[in-house]
Each structure stands twice: as C-alpha cells, then as structure tokens.
Amino acid sequence: MPTDCISYQQSGYFSALINDYLNEKPELKALYHRFPNLENFKLQLEEKGNNFNGNDNFKREVLVYVLEKQYQSIVSSETTLNNIKLLNNLNTFTITTGHQLNLFTGPLYFLYKIVSTINLCKQLKSEFPEHDFVPIYWMATEDHDFEEINYFNFKHKKISWNRESFGPVGRLSTDGLEAVFAVFESEIGLGKNAEGLKNLFKKAYLEHTNLADATRFLANELFSIEGLVVIDADDTNLKKSFVPYIKNELLQQTAFAKVNETTPLLESYSVQVNPREINFFYIEDKLRERIVFENGSYAVLNTKMTFSEEEILTEVDNHPEKFSPNVLLRPLYQEVILPNLCYIGGGGELAYWLELKSFFESQHVTFPILLLRNSVLLATEKQAAKADKLQLTWSDLFLNQQELFNQKTKLLSDFTIDFSAQKDALKKQFEALHEMAQTTDKSFLGAVKAQEVKQIRGLENLEKRLLKAEKRVHQEQLNRIISLQNELFPNQSLQERKINFSEFYVEFGAELIEKLLKELKPLEQEFKVVVL
C-alpha cells in the first residue's frame, strides 16, 4: 500500500470544529491555552510546576494515599507502583485520558486513548528527562448512563448485560455477569488466545464485586507493564480538595455564566454541552440526581431532599463524596486533584473542553493542553494484500462508499466517463447566444438560458447512464472492493467505534497492543493504519 496513514482532516470522520482546531484556525485560539506541540509542553511544564493550584505537597500526598489504597487489592507491575510513588515528587506530572466503564472495554478506541497517553509520556520523558510523566486513566465511575456501557460487540453480535442500574455505575454490583460470560464463552470459540480472553473476563468481572474494581483490574492487566495508573475519583479524600469549588458552584454558579459567555464563539459549530445553573449531582449508592436551586433552597430532583444554603454548605463539608460533578465540572475536578499537563480525548470530548477555558481562568486553575487521541484502522495482512491486488490505497478506503464506487468504476472503464469537456464546450457555444440575446428582448434571453440548462442536464443524465452501465460491466471487481471496505468500516462507520478489542486479540494476542505501542505517535495528526 502506498501509505499507512492519512490526516484526520482528510479522513472525513471528524467535525468541522475538530478540523479547525487541528488546523489552528485563529478564530478558535481564544478557546484553548496551548496547542499540543513539544515547545508548548515546555511552557505548560513551567506554568503547572510553578502553580499546581494551591497546596501542591498536600494534594500530592492525598493523591498518592488514595491511589495506593485503590491498588491494594490487585497485583500490579513495579512500573505502575513506582509511578504512583513518583507522584509525590514536584517534578512529576500526569498525562490523562478518561473513559466510561464500558463492559470489557467497549469499542476499540479505549485502547487507543490509553496507548496515546502512555506514548506521550514516553516522548515527554525523552524530551524533558529531568521530569517524570505518569499516564493516568480516569475511570468515569460517577456516570449513570448504564445503557451506554452495558454491552460490547463481538463478531457482529451484541453481548449485553441486562439489569437495572441506579446511581454511579462504578458502585454497581457485578452480579449477573456470569450470564454475560456464558454468552461470550459460547461466541469466542477456540481461537489461539480464546482461553486467555475468557480468563481475563472471568477474573475482572466474576472476581470483583463492583464495576469500578473490575475495570481497574482489566486496564491494569492490559497496560500495567507500561506503568498505567488507573484512578477512581469517586473518593472522599479527593473530593475534600474540591470542596471550595463545589461551594463556589452552589453559591456563585460561575460555570453557567462563563460557559454561556463562551458559547457564542462556537455559534458556527454545534455546541457540545449546554451548562446548567448548578452542574452537580447528588449521589449515593443507588442515587444520582441533579441539584437545583428553587424558591430559595437547594433540592435534589426526584427526591424529597431539600437544603437551605447553610445546610448544603455543611453537607459539602461533611460529605463531599455526595457531590458529583457533571460533564462540565469534571474537567475542573480532574485538574484540581492531578498535576496534569494534558488531556487526551476524542473529538466529542475536546468539543466540550473547548467551552471551558474562561471558566478555568475564573477559578485560577491552569487549563490543560488538549490533544486529540490517536485514531487507528486495524487491518490484517490478508486484507492489506487484498487491497494491493485491487489497486486500492488506504485513502481510497476512507472514501464515502458511493464516491468510492463511482471513482473505481471510472478507473476500471476502458474510456473516460466524464463529460466535463463536452459541458465546457457547450457552455462556450451558449456564450455567443447569450451575447446575441442581450440585444433582443428578454423573452429570447430566457429561452437561451432554459435551453442551456436543458442541454447541460441532458449531458449529465447521459454521464450517469454511462456510469451505471459501466458498473454492471465491472460488477464483480467492484463487489470485491466494497466487500473489503465493509470489512474495515462496519456499517460504513469507523471500526474503532464498533468493534471490541477481543475480536483482534483472540487472533493476535499481545501483538495487538505491542504494535499499537510501537506505531502510535500522539503528536502527529494522522489516522494510523496498523497491519497485523
């Protein structure tokens, strides 16, 4: 194949906002602090090092205490355990990605987020050896959208965990996952890595009592050798560091004001998230409901709980763990408790981060560098050979299917299926008639224009009919092309958003992750094709 990557902008799978961000469009520069390049990481290091938003030593001690406690129940690598200890040091910083607690990791891009984070840490360590960099996976344990995470796809089958869920998903019991395992076991068959995958699922989900612990175990098994540190921020000690910001949100509602000031800058794009007046939920094991301010008091929706101002501030002091930031406040929480330089996320995530810079400034918290995670198309050697035989480039395979169909039909045809030259010649002939018509009455001018449109349309119809006829002539070859594209782009969408890692791991095992670690370059704006 002529190339193994194309730019994100050329791929056709990213929004106008993300393309303009990647192109550093001047109109967007007010929405972020620094663009992700090595020179800007040097500046970010200096700024974050000078001000880790308050009492640095104390926050680091709390962070390390919480992480060591969370890792007590699992066997992890020396690299990960050492990375946790390194967070005590003022010259250690984090690179963070976040993800929901999708069953068995969910779609493939779970891997790409984490590999991007690990590889950026390695690159920064090489560039700035006097510092240490720790890759963080922030588990979205406080989310409540269970229907978004309760399944994964394996070889065109949706494997689902069907149960009721209330409250934060991280606290959800793993009861009932034995039935999910039975379905997975029956589907996976006898591939050479099938037993390893089955054991991984069993140990993660059948030997841990809640979804947060199961997900930590799973991520640790896949990536601890690379030093990944998994954090569950649904923790009383961590929330204590966030108390001043919780109180500010309840009393001042600054996020609502600042984000609403920012959204006009995004009016030419679709706004990802609209702020609420109060951007916190009240949570317990089986409760996650919005906090609202109504009639002079604070209420928890769909409950009988109400608080006066004094009562809710006392509740924050006594039970900060019951106050859960929503999608707009979670980034602030993350940056308050971590010595973080950069957040790595998908296009949708970066879109809502771009709403937050002025809010961060109002809270005197350093805004992180925003980096689009690596995107990957996985292909087997057999598929790559098939593409070569069909004379396809990877860029061809990223085309809209109809466009690919038309383009390849024209290339396969023995003659040119393009009447542009004839249409241009026709337009030139009509130019003389237009000049003549200018000297006569308007009705003749209208007749000339109508005739021109009719004849151009006639040529276009002939072109379409010829293209259709040639498609029939080359149907067999075209079917092979479309079949290959359908394999690589299931349902004509990105593979990384549909397929679970197990589909490749069952055949390629550890080679899958090893290859990703070897080939993904986080600071390069390229949609990578990885051949296994």
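The values are calculated or read from the model by the stated rules, or taken from the named source; none is laboratory data. Bear in mind the structure is a predicted one, so any value in this text is a computation, not a measurement. All Cβ positions, even for glycine, are placed from backbone atoms using ideal geometry, and neighbour counts span all protein chains on display. To get the accessible areas, we keep the full protein, side chains included, count just its heavy atoms, and leave off ligands, DNA and RNA. Shrake-Rupley method; radii C 1.70, N 1.55, O 1.52, S 1.80 Å.
Screening the candidates Pro168, Pro107 for the property of being open to solvent by less than 10 Å² (accessible area, probe 1.4 Å), touching a residue at least 40 places away in the same chain (Cβ under 8 Å) and not hydroxyl-bearing (Ser, Thr, Tyr) yields one hit, Pro168. Going by the structure shown, is Phe323 in contact with a strand residue (DSSP E or B) (Cβ under 6 Å, 6 or more places away or on another chain), more than 30 Å from Asn83 (Cβ to Cβ) and not small (Gly, Ala, Ser)? Considered against the rule, which asks whether it is in contact with a strand residue (DSSP E or B) (Cβ under 6 Å, 6 or more places away or on another chain), more than 30 Å from Asn83 (Cβ to Cβ) and not small (Gly, Ala, Ser), Phe323 comes out as no. Counted as qualifying within the range 203-315 are the helices (runs of 4 or more DSSP H) with 1 or more residues that are touching a strand residue (DSSP E or B) at 6+ places or on another chain (Cβ under 9 Å), namely 211-223, 236-241, 243-252. Quick one: Leu67 ticks every box in (1) touching a strand residue (DSSP E or B) at 6+ places or on another chain (Cβ under 8 Å); (2) farther than 25 Å from Ala214 by Cα except a single one, so which number is it? Condition (2) is where Leu67 drops out. Residue count for the range 72-97, restricted to those that are within 20 Å of Gly170 (Cβ to Cβ) and open to solvent by 10 Å² or more (accessible area, probe 1.4 Å): 4. Of all residues in the range 1-37, those satisfying the criterion of being part of a helix (DSSP H, G or I) and either at pLDDT below 95 or open to solvent by 50 Å² or more (accessible area, probe 1.4 Å) (or both) are Tyr8, Gln9, Gln10, Ser11, Ala16, Pro26, Glu27, Lys29, Ala30. Is it the case that the range 182-193 has a residue that's within 25 Å of Leu228 (Cα to Cα) and open to solvent by less than 50 Å² (accessible area, probe 1.4 Å)? Within the range 182-193, one or more residues are within 25 Å of Leu228 (Cα to Cα) and open to solvent by less than 50 Å² (accessible area, probe 1.4 Å). Within the range 391-410, residues that are over 23 Å from Lys528 (Cβ atoms) and touching a residue at least 12 places away in the same chain (Cβ under 8 Å) reach partners that are of a type in the set (Ser, Thr, Tyr) and in a loop (DSSP other than H, G, I, E, B) with beta carbons closer than 9 Å, at six or more positions or on different chains, in the pairs Lys410/Thr416.
Residues in the range 483-501 that are of a type outside the set (A, V, I, L, M, F, W, C), buried (at least 18 other Cβ atoms within 10 Å of the Cβ) and not in a helix (DSSP H, G or I): Asn500 only.
Any residue at all in the range 100-109 that's closer than 18 Å to Leu350 by Cα and modelled with pLDDT of 95 or more? Yes - at least one qualifying residue is present in the range 100-109. Ser160: at pLDDT below 95 and surrounded by 13 or more Cβ atoms within 10 Å (Cβ to Cβ), yes or no? No, not satisfied. Here Thr117 meets each of (1) in contact with a helix residue (DSSP H, G or I) (Cβ under 9 Å, 6 or more places away or on another chain); (2) open to solvent by less than 10 Å² (accessible area, probe 1.4 Å); (3) among the polar types (S, T, N, Q) with one exception, condition (1).
List every residue pair whose Cβ atoms sit under 6 Å apart, with the two residues 6 or more apart in sequence or on different chains, where the first one lies in the range 65-86 and is over 20 Å from Ile118 (Cα atoms) and of a type in the set (Val, Ile, Thr) and the second, anywhere, is outside any helix (DSSP H, G or I) and at pLDDT 95 or above. Sorted first by the residue in the range 65-86, then by its partner, the pairs are Val66/Asp235. In the range 183-201 there is at least one residue matching the filter, namely being over 22 Å from His99 (Cβ atoms), without any contact (Cβ under 8 Å) to a residue 60 or more places away in the chain and touching a helix residue (DSSP H, G or I) at 6+ places or on another chain (Cβ under 7 Å).
Test Pro264 against the criterion of being free of Cβ contacts under 8 Å to residues at least 24 places away in the same chain and within 14 Å of Leu332 (Cβ to Cβ), and give yes or no. In short, no. On the basis of being assigned to a loop (DSSP other than H, G, I, E, B), under 30 Å from Leu22 (Cβ atoms) and either open to solvent by less than 40 Å² (accessible area, probe 1.4 Å) or modelled with pLDDT of 95 or more (or both), does Leu328 make the cut? Yes: the conditions hold for Leu328.
Taking Phe133, is it open to solvent by less than 10 Å² (accessible area, probe 1.4 Å), in contact with a Leu (Cβ under 6 Å, 6 or more places away or on another chain) and among the aromatic types (Phe, Trp, Tyr)?
No: the conditions fail for Phe133.
Each residue in the range 147-165 was checked for being outside any loop (DSSP other than H, G, I, E, B) and in contact (Cβ under 8 Å) with a residue 60 or more places away in the chain, and 3 pass. Among the residues making up the range 204-220, those that are touching a helix residue (DSSP H, G or I) at 6+ places or on another chain (Cβ under 9 Å) and loosely packed, with under 15 Cβ neighbours inside 10 Å are Leu206, Glu207. Answer yes or no as to whether Val336 is under 24 Å from the mean Cα position of the chain (by Cα), among the β-branched types (Val, Ile, Thr) and open to solvent by 10 Å² or more (accessible area, probe 1.4 Å). So Val336 does not fit the description; no.
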